[in-house]
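The next block holds one structure in the form of structure tokens; read it before the comments.
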Amino acid sequence: MPSKFEDFLQAAEDHYLQPTEINDFKQQMSALEDRLALYEVLREQELTIFQVVVDQLQKQRFSNTQAELEKVLTHWIAVLRYSAMAMLLNQPELLESQLLGWLVDILHRDEFASLNRRISELLQQSLVSVLNAEQMTLIAPLLQKANTALVSEDRSRELAVLG
Amino acid sequence: MIALEELINRESIPGNFFAPEVYVQGDMELGLIENRAGARLIALPDTLLRSLYTSLENEVGPAADLVLRQCGRWWGKNFYRRFTTEVSEYYGKSLAEMEMVEFIQSLKECWKPTVGA
């Protein structure tokens, strides 16, 4: 999977990069800086982000056991971690191959349906309060992917997405 | 009460052990490939596999089935032993402690074609 930076390396094989290419390179650099900054926020605020989710979650009654609650929540923590890495590397497909493809059958079950939906909503709200609008647009597509795979009711659609 | 801090501070939260980007590793120059747990892997071209079947058929005729069964049994036993060790090490629990669906997922991911990935 060649990154944008490797493309530049290859383009520059036998010549100096052209001004337009340099500009493009600068843009890539600054985009990477933004992504790294967001990654750091997600990493450092992980506890805060999920504490809000947990606090809200505990106001509600679910038919699941405590152990199930913790398990499902742990998987969602993983969803955000893998999303963050996929966002940082700008390789959204990593989220699918490294987590969602495997997780979908484990998590997308009837008994977890309402729990999944609620955690997903709360996570979204919690992120909105921690991140700025620009950062939200970076991470949102990945969370959307996770939602489609783990929360969406239409199973045939999500299989098509993952396949 | 959910002990969130405890969940977050766990060493790692496992994902897909068999994700192709991380599962197959190796040294292209030396021509060696191994999996993420360090076990050696071998890549065999389809043509070779097919010709093995054909040659076996030519060499031993009707006994080919028996040979294949014996080989398969031997290979499968070793495969399962390695699969069990690696999966339970990665997920931090023995196969017996795993939920059926988790086990099935691992088995499925392990056999997912990764050609071109």
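The values are calculated or read from the model by the stated rules, or taken from the named source; none is laboratory data. As the structure is a computational prediction, the values presented were derived from the model and not from experiment. All Cβ positions, even for glycine, are placed from backbone atoms using ideal geometry, and neighbour counts span all protein chains on display. Heavy atoms of the whole protein, side chains included, go into the accessibility calculation; ligands, DNA and RNA do not. Shrake-Rupley method; radii C 1.70, N 1.55, O 1.52, S 1.80 Å.
Among the residues in segment A:64-72, are any of a type in the set (Val, Ile, Thr), surrounded by 15 or more Cβ atoms within 10 Å (Cβ to Cβ) and over 12 Å from the mean Cα position of the chain (by Cα)? Taking every residue of segment A:64-72 in turn, at least one turns out to be of a type in the set (Val, Ile, Thr), surrounded by 15 or more Cβ atoms within 10 Å (Cβ to Cβ) and over 12 Å from the mean Cα position of the chain (by Cα). Does segment A:40-52 contain at least one residue that is among the hydroxyl-bearing types (Ser, Thr, Tyr) and without any contact (Cβ under 8 Å) to a residue 60 or more places away in the chain? No: zero hits.
Residue by residue, here is whether (1) exposed (fewer than 10 other Cβ atoms within 10 Å of the Cβ); (2) over 11 Å from the mean Cα position of the chain (by Cα) holds:
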{"position": "B:Ile8", "(1), (2)": "no, yes"}
{"position": "B:Ile13", "(1), (2)": "no, yes"}
{"position": "B:Asn16", "(1), (2)": "no, yes"}
{"position": "B:Met28", "(1), (2)": "yes, yes"}
{"position": "B:Ala39", "(1), (2)": "no, no"}
{"position": "B:Ile42", "(1), (2)": "yes, yes"}
{"position": "B:Leu52", "(1), (2)": "no, yes"}
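I'd like the full set of residues that are of a type outside the set (Gly, Ala, Ser) and within 11 Å of the chain's Cα centre (by Cα), limited to segment A:73-89. Hits for segment A:73-89 are A:Trp76, A:Ile77, A:Val79, A:Leu80, A:Arg81, A:Tyr82, A:Met85, A:Met87, A:Leu88.
Across segment A:37-48, a minimum of one residue is classified as surrounded by 17 or more Cβ atoms within 10 Å (Cβ to Cβ) and β-branched (Val, Ile, Thr). Of the helices (runs of 4 or more DSSP H) entirely within segment B:37-117, none holds at least 1 residues that are at positive phi and away from chain A (no Cβ under 14 Å). Residues of segment A:7-36 being open to solvent by 90 Å² or more (accessible area, probe 1.4 Å) and within 30 Å of B:Ser12 (Cα to Cα), which ones? Scanning segment A:7-36 gives a single hit, A:Glu33. Among the residues of segment A:73-118, just one is at the interface with another protein chain (Cβ under 9 Å from one of its Cβ atoms), within 22 Å of A:Arg61 (Cα to Cα) and open to solvent by 40 Å² or more (accessible area, probe 1.4 Å), namely A:Arg109.
Within segment B:4-36, take every residue that is free of Cβ contacts under 8 Å to residues at least 12 places away in the same chain and of a type in the set (Val, Ile, Thr) and give me the one that is nearest to the other protein chains (Cβ to nearest Cβ). That would be B:Ile13.
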